Ligand SMILES: Nc1nc2c(ncn2[C@@H]2O[C@H](COP(=O)(O)OP(=O)(O)OP(=O)(O)O)[C@@H](O)[C@H]2O)c(=O)[nH]1
Ligand SMILES: [Mg+2]
């Protein structure tokens with residue numbers, strides 16, 4: 001199961017209690033206080049791991065708890081610190097603090113309003129990046145700290161502090177250099193199979209791809225880029241029609257947007273309209289996306305009518321770079337890879353900083 005959004009409850013460990021104890025040894029009368037401190041509670045840590053591709057582990061176990069610290073002991077011995085709990089999450093996980101418990105978002109999706117009211121906590125965008133979600137409580141003090149000239153047999157100690165806790169919303173936003181965007185059946189997955197070693201499922205029915213799949217393209221000179229195949233968009237996607245809204249957020253962190261159209265119009269749609277409505281959908285979802293570097297792929301060039309449609313498309317959008325391909329015949333693939341390499345380099349670091 002692919003889960004890209006989940007709500008969890010995290011609780012760090014409580015600190016151990018300080019100890020009250022007195023030194024008792026042969027030939028050492030009135031040995032004095034020797035109660036050690038409690039150990040600190042364990043932290044709850046999130047760690048981005050490139051080998052993890054979704055949040056399913058947290059969906060099944062939405063309670064993350066770290067261990068409590070051990071109590072202090074006699075002979076000034078401190079208690080053991082509680083073990084940290086480290087949870088691996090996919091690279092690209094964004095974390096918000098949720099105000100209170102809500103029904104699991106995968107069952108009842110929070111609206112964009114509730115998203116706005118949540119407080120952003122962190123964005124784990126790099127592999128091996130760690131973030132302490134909840135800090136463990138400090139250990140209490142043993143009675144050894146309370147001795148003074150007037151209080152030589154102190155019985156005071158302090159309790160350990162509670163660990164931090166809270167409800168958090170975790171959401172995966174795929175990070176890729178380029179994202180393939182198109183109507184269902186446009187041939188996005190077939191293209192990804194051609195340009196990378198990824199093997200997404202291809203079939204002649206809409207919504208074959210149900211979650212984003214990232215492929216790696218190898219360019220000459222050991223350069224590489226990642227390309228995400230996003231589930232098909234349809235009109236109204238920004239309002240949540242089809243699989244749309246669920247997956248539009250995965251586009252937000254792609255440097256280059258690649259619009260794939262069925263240029264033959266083999267399903268009775270017009271490629272010019274397709275491209276325009278796809279552009280409109282992403283603009284309605286987030287106006288920032290319209291300024292992102294983009295190009296178009298005119299796929300299914302092997303089918304009748306494709307050439308004429310391509311001409312019309314180019315005439316309507318003269319400045320747009322359109323790459324004709326036939327994914328099933330493997331035609332135009334090299335030019336597409338070349339164009340991607342150039343575009344991704346041009347889009348450069350400044351875009352990744354903005355996203
Ligand atoms: N004739 C022809 N058919 C193609 C071409 N590219 C893909 N197809 C076919 O179009 C159908 C859909 O292809 P997919 O790659 O699954 O399309 P998709 O865009 O990933 O679709 P969803 O995952 O449903 O959004 C399959 O039957 C492919 O074989 C092409 O260049 N020419
Ligand atoms: Mg697909």
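Find all pairs meeting these conditions: Cβ atoms under 6 angstrom apart; at least six residues apart or on different chains; first residue within the range 190-205 and part of a loop (DSSP other than H, G, I, E, B); second residue near ligand 1 (Cβ under 7 Å from one of its atoms).
200/189; 200/209; 200/229; 201/208; 202/189; 202/190
Checking the condition buried (at least 21 other Cβ atoms within 10 Å of the Cβ), outside any loop (DSSP other than H, G, I, E, B), touching a residue at least 24 places away in the same chain (Cβ under 8 Å) and away from ligand 1 (no atom under 12 Å from the Cβ), which residue from 227, 272 passes?
Sole residue among the options that is buried (at least 21 other Cβ atoms within 10 Å of the Cβ), outside any loop (DSSP other than H, G, I, E, B), touching a residue at least 24 places away in the same chain (Cβ under 8 Å) and away from ligand 1 (no atom under 12 Å from the Cβ): 227.
Among the numbered conditions (1) closer than 29 Å to residue 124 by Cβ; (2) surrounded by fewer than 20 Cβ atoms within 10 Å (Cβ to Cβ); (3) modelled with pLDDT under 90, tell me where residue 292 comes up short.
(3)
With the requirement that a residue be more than 24 Å from the chain's Cα centre (by Cα) and within 8 Å of ligand 2 (Cβ to nearest atom), what does the range 191-202 give you?
Matches in the range 191-202: 202 only.
Can you say whether residue 215 is near ligand 1 (Cβ under 10 Å from one of its atoms) and buried (at least 17 other Cβ atoms within 10 Å of the Cβ), as far as the supplied structure shows?
So residue 215 fails the test.
Among the numbered conditions (1) touching a strand residue (DSSP E or B) at 6+ places or on another chain (Cβ under 6 Å); (2) more than 30 Å from residue 58 (Cβ to Cβ); (3) within 13 Å of ligand 2 (Cβ to nearest atom), tell me where residue 183 comes up short.
Condition (1) is where residue 183 drops out.
Please find, among 242, 215, 166, 232, the residue that is within 16 Å of ligand 2 (Cβ to nearest atom) and part of a strand (DSSP E or B).
Selected residue: 215, the only one of 242, 215, 166, 232 that is within 16 Å of ligand 2 (Cβ to nearest atom) and part of a strand (DSSP E or B).
Residue 17 versus (1) at pLDDT 95 or above; (2) farther than 15 Å from residue 162 by Cβ; (3) over 37 Å from the mean Cα position of the chain (by Cα): which is the lone unmet condition?
Of the numbered conditions (1) at pLDDT 95 or above; (2) farther than 15 Å from residue 162 by Cβ; (3) over 37 Å from the mean Cα position of the chain (by Cα), the odd one out for residue 17 is (2).
Which numbered condition in (1) within 16 Å of ligand 2 (Cβ to nearest atom); (2) crowded, with 21+ Cβ neighbours inside 10 Å is the only one that residue 263 fails?
The failed condition is (1).
From the list 173, 199, 249, which one is within 30 Å of residue 61 (Cα to Cα) and within 12 Å of ligand 1 (Cβ to nearest atom)? Let's see the steps before the verdict.
Details: 173 fails: within 12 Å of ligand 1 (Cβ to nearest atom); 249 fails: within 12 Å of ligand 1 (Cβ to nearest atom).
Selected residue: 199, the only one of 173, 199, 249 that is within 30 Å of residue 61 (Cα to Cα) and within 12 Å of ligand 1 (Cβ to nearest atom).
Looking at (1) in contact with a strand residue (DSSP E or B) (Cβ under 8 Å, 6 or more places away or on another chain); (2) within 13 Å of ligand 2 (Cβ to nearest atom), which is the one condition that is false for residue 206?
Among (1) in contact with a strand residue (DSSP E or B) (Cβ under 8 Å, 6 or more places away or on another chain); (2) within 13 Å of ligand 2 (Cβ to nearest atom), the lone unmet condition for residue 206 is (1).
Go through the range 129-148 and count every residue that is closer than 11 Å to residue 42 by Cα, out of contact with any strand residue (DSSP E or B) (no Cβ under 9 Å at 6 or more places or on another chain) and surrounded by 24 or more Cβ atoms within 10 Å (Cβ to Cβ).
Residues flagged as closer than 11 Å to residue 42 by Cα, out of contact with any strand residue (DSSP E or B) (no Cβ under 9 Å at 6 or more places or on another chain) and surrounded by 24 or more Cβ atoms within 10 Å (Cβ to Cβ) within the range 129-148 amount to 2.
Need the failing condition index for residue 343 against (1) buried (at least 20 other Cβ atoms within 10 Å of the Cβ); (2) within 16 Å of ligand 1 (Cβ to nearest atom), just the number.
Result: residue 343 fails condition (2) only.
Pick out the one residue from 8, 87 that is assigned to a strand (DSSP E or B), touching a helix residue (DSSP H, G or I) at 6+ places or on another chain (Cβ under 6 Å), in contact (Cβ under 8 Å) with a residue 12 or more places away in the chain and within 30 Å of residue 213 (Cβ to Cβ).
That would be 8, the only listed residue that is assigned to a strand (DSSP E or B), touching a helix residue (DSSP H, G or I) at 6+ places or on another chain (Cβ under 6 Å), in contact (Cβ under 8 Å) with a residue 12 or more places away in the chain and within 30 Å of residue 213 (Cβ to Cβ).
Would you check if there is a residue in the range 303-315 being closer than 30 Å to residue 3 by Cβ and either in a strand (DSSP E or B) or within 13 Å of ligand 1 (Cβ to nearest atom) (or both)?
Within the range 303-315, none of the residues are closer than 30 Å to residue 3 by Cβ and either in a strand (DSSP E or B) or within 13 Å of ligand 1 (Cβ to nearest atom) (or both).
The values are calculated or read from the model by the stated rules, or taken from the named source; none is laboratory data. The structure displayed is predicted, hence computed values, not measured ones. Neighbour counts are summed over all protein chains in view; Cβ atoms, including those assigned to glycine, are modelled from backbone coordinates with ideal geometry.
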